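These notes are about the structure you will find just below.
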């Protein structure tokens, strides 16, 4: 089956098996920031944007993205670098495995709600698992980033 997807701004057309999940599709295209974690839509590691909305790519067939825009962390370098510096500053990047999914979802949160409170942040990011950090550093990074953006 032929699909055409605009991946990180580049239109690509591929012949894929009908059961190809979007996670495998984007990784095959070199987007290694998209991680395989649980394969059950519970960890957030495979988050991508489909038409600028976050989606768990382990649970979306690639054919469902046919004709749509898919963005990975590789396509959001400027936004990712800004926020990623705040994660590093708080020591919230310990092993780094969860960071791409967390950054993708944080960017989605900031776009949807530029000044969320702590409860809104927790609710929005509830599906992002991290086995290293305990989430305190991530929360400090998010709050510091929001404060920095207000002062810019």
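The set of residues in the range 121-145 being touching a residue at least 60 places away in the same chain (Cβ under 8 Å) and part of a helix (DSSP H, G or I) consists of 145 alone.
Would you point out the residue of the range 96-106, among those that are out of contact with any strand residue (DSSP E or B) (no Cβ under 8 Å at 6 or more places or on another chain) and surrounded by 14 or more Cβ atoms within 10 Å (Cβ to Cβ), that is farthest from residue 55 (Cα to Cα)? Can you show your working first?
At the first step, the residues of the range 96-106 found to be out of contact with any strand residue (DSSP E or B) (no Cβ under 8 Å at 6 or more places or on another chain) are 96-99, 102-103, 106.
When the remaining residues are screened for being surrounded by 14 or more Cβ atoms within 10 Å (Cβ to Cβ), the result is 97-99, 102-103, 106.
Numbers: 97: 18, 98: 15, 99: 16, 102: 12, 103: 13, 106: 13 Å.
Top of the filtered list is 97.
Residue 140 falls short on exactly one of the conditions (1) in contact with a strand residue (DSSP E or B) (Cβ under 9 Å, 6 or more places away or on another chain); (2) surrounded by fewer than 19 Cβ atoms within 10 Å (Cβ to Cβ), and that condition is (1). If the condition is being farther than 24 Å from residue 48 by Cβ and in contact with a helix residue (DSSP H, G or I) (Cβ under 9 Å, 6 or more places away or on another chain), then the range 107-128 contributes 115, 118.
Which of the residues that make up the range 2-18 are surrounded by 14 or more Cβ atoms within 10 Å (Cβ to Cβ) and in contact with a helix residue (DSSP H, G or I) (Cβ under 8 Å, 6 or more places away or on another chain)? Write out each step before concluding.
Let us first name the residues in the range 2-18 that are surrounded by 14 or more Cβ atoms within 10 Å (Cβ to Cβ), namely 3, 5-8, 14, 16.
Those that are surrounded by 14 or more Cβ atoms within 10 Å (Cβ to Cβ) and in contact with a helix residue (DSSP H, G or I) (Cβ under 8 Å, 6 or more places away or on another chain): 3, 5, 7, 8, 14, 16.
Among the residues of the range 98-120, count how many are farther than 17 Å from residue 57 by Cα and not in a loop (DSSP other than H, G, I, E, B). Adding up the residues that qualify gives 7.
Under the condition of being out of contact with any strand residue (DSSP E or B) (no Cβ under 6 Å at 6 or more places or on another chain) and either farther than 17 Å from residue 9 by Cβ or modelled with pLDDT under 95 (or both), the residues counted in the range 43-52 number 3. Within the range 1-27, restricting attention to residues that are without any contact (Cβ under 8 Å) to a residue 12 or more places away in the chain and out of contact with any strand residue (DSSP E or B) (no Cβ under 7 Å at 6 or more places or on another chain), which residue is nearest to residue 57 (Cα to Cα)? Per the stated criteria, the residue is 27.
What is the number of the single condition among (1) over 22 Å from residue 52 (Cβ atoms); (2) crowded, with 18+ Cβ neighbours inside 10 Å that residue 131 does not meet? With (1) over 22 Å from residue 52 (Cβ atoms); (2) crowded, with 18+ Cβ neighbours inside 10 Å applied to residue 131, the lone miss is (2). Summed over the range 65-80, residues that are more than 19 Å from residue 112 (Cβ to Cβ), in contact (Cβ under 8 Å) with a residue 24 or more places away in the chain and out of contact with any strand residue (DSSP E or B) (no Cβ under 8 Å at 6 or more places or on another chain) total 1.
The values are calculated or read from the model by the stated rules, or taken from the named source; none is laboratory data. Bear in mind that the values here come from a model prediction, so they are computed numbers and not experimental data. All Cβ positions, glycine included, derive from the backbone under ideal geometry; neighbour counts span all protein chains shown.
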